[in-house]
Amino acid sequence: MEITSLERMLRLTPDDAPASSEDAPTVEEDTATIAANDEPAWWQPPSETKAGDEEPAAVPTPREALLEVDRARVSSAGVQGHHVVALRKSCAAHGNASIRGSDRLIGGKKDTAFRAGVSAATSAIESEGSKSNWSSLGGYEPAVFLSDLARDLGVRPERAGTLVTNATARKSAAGLLQAGAFVRSGDADGARADLIRLARTLATFKASAGEYLDLVAFGLEQQLSEVERKIVMGLVPEDASEEVRGAIRCALGL
C-alpha cells in the first residue's frame, strides 16, 4: 500500500485537544488532589523504589534534566525517549519538587515531554516484550514509567490517559493497516508479527472497544476489504485476552 494511504488514514484518528499546542494556556494543578476516577485504567501508584543503582550524587538534578528536555524540544530532532527517561531517573533520585511550576513546563511543553515518554514506552513494549527488564525505560515497567513521569511533569491523569489513548489509536491504525498489507501480499507471518506487537501495546494500556477505535475502524474500512479485515482478525495471537481481541475487532470494524 502506498504510504500516502497510511498517512490519510492516520489523520482520521483522534487529534490532541488544543491544550497540547505549545502556545496553549494551562491551569497548573496539584496532581495529588485529582480524583481517582480521573485515572486511566493503566495508571499506577507512585513507585517506591528508584530505577537503577546509581547514587543520587551521580544523577543530574531534575532542573538539569529538564533543561536538557527543553533544549531538545527546540532542536531539529525534538524530545526523545532518553531525555524523559533521564528526567524520570533524576526525579526518582532527587524528588520532583524543584521543577514544579517551572517555566519549562508551561503551556504544551509538558505534553510534548509526556508524548516522548509514551513513544519510548510503546517502542519498549514492541521491541522488548513482557519479559524485559525495561532497560530502555530506566528499569520501570511501561505503565509505572508513564504514571511516574506524568506526576513529575504535572500532567493530570486524565490528560495522560488522553495522550496515551491517541497514541494507541495511531498504533492500532498503523499496525492493523500494515497487517492488512501483509495479508494482501500473502505474508501471514508478517501480519502475525505486527499483531503480536500491537496486542502487547493494547494489553499494557488496557485498551477496550470505544469511540477512538471506532474512528480507526472508519479509516481501515476505506483501505481494507471486509475479507482482508476478517483474515487479520483470525491472525490475532491466540493468547491475547478477550479485552484485547475485542479492541482489535472494534478497530477492524467487525
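Computed from the coordinates by the stated procedures, all read-outs in this text should not be read as laboratory data. Note that the structure is a prediction, hence the values are computed from the model and not measured. Virtual Cβ from ideal backbone geometry, glycine too; neighbours counted across all protein chains shown.
What to note about this one:
- Estimated FRET transfer efficiency when R0 is 30 angstrom, pair Glu226-Ser185 (beta carbons, to 0.05): 0.95
- Whole-Å distance, taken between Cα centres, linking region 147-178 and region 56-127: 16 Å
- Trypsin sites (Lys or Arg not before Pro) within region 115-206, DSSP loop, no more than 12 other Cβ atoms inside 10 Å: Lys131
- Maximal additional length on extending the Ser127-Thr61 stretch stands at 20.8 nm, based on 0.36 nm per residue less the C-alpha distance.
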